[in-house]
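Laboratory data are not the source of any read-out in this text; all were calculated from the coordinates shown. Keep in mind it's a predicted model, so treat the numbers as computed, not measured. Ideal geometry is used to build each Cβ from the backbone, glycine not excepted, and the neighbour counts take in all protein chains shown.
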Amino acid sequence: MVQPESREGERPQLPPGQRLQRGWPVTHYGPVPRFRPERWEFRVFGATADGGTHRWNHEEFSALPYETVVGDFHCVTRFSMVDVEWGGVTARTVLELAPPAPEVTHVMVWAEYGYSANLRLSDFTAEDAIFATHRAGEPLTAEHGFPVRLIVPHLYAWKGPKWVRGVEYMTADRRGFWEERGYHNIGDPWREQRYSYQEEPGDGPEL
């Protein structure tokens, strides 16, 4: 769903159940991982077009084309930030460098400690989906996902994990960490898709 535009001077229109947040609260599950650049690696694996695994160390990933997008941030805990500038490597760049096989329909984004979030390929290929390294021109802090977090502005923020380490291309859907624990499989804030009990047939695999 396309977000309605707000007119200058008016309060931005937010998804149902959300409130405008001026700051950026820290929310995550588990401890903040320690960044070790010599051990850090970003992988793309699974059903790749060439059948192989694509890898970048931190220096190589940092050298990929840097782009900026402007997108909202909607947390399922009911706060929203609007018109945020994110900088980093777009998901489309990753897809171009490591193409998926034609039969890929979903991706699983993997992060530290085995955390994961599944997305439809159509969501992952959105123009403003980005592996963010910066916010408003400043590097992310460790608490907010440094060195890399995924931002998918049109979905709830849990679909964009902090501390991302890789992407798995999948030919069938599979639930991620929170989706296995009662969160909605798609997570569209404009349809207020918060919890799995709200799912309709076809929204996701059985729990």
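In plain terms, the bigger the Kirkwood radius, the slower the diffusion; for segment 107-182, with that radius from Cα pairs, at 10 °C and 1.306 mPa s, Stokes-Einstein puts D at 126 µm²/s.
If I model a spin label at Arg34 and Gln198 as a point 7 Å from the Cα along the Cα→Cβ vector, what separation in nanometres do I get? Rounded to a tenth, the inter-label distance reads 4.0 nm.
Globularity index of segment 134-175 is 1.33 (Cα radius of gyration / 2.2 N^0.38 Å, N = number of residues).
All other residues whose Cβ lies under 15 angstrom from that of Phe177 are scored, Lys and Arg at +1 and Asp and Glu at -1, for a net of +2. Helix-only arithmetic for the chain: the sum of -39500 (n - 2.57) across DSSP H runs with n ≥ 4, divided by the residue total, places the mean residue ellipticity at 222 nm at -1500 deg cm²/dmol. Dividing the C-alpha radius of gyration of segment 10-74 by 2.2 N^0.38 Å, with N its residue count, gives 1.68.
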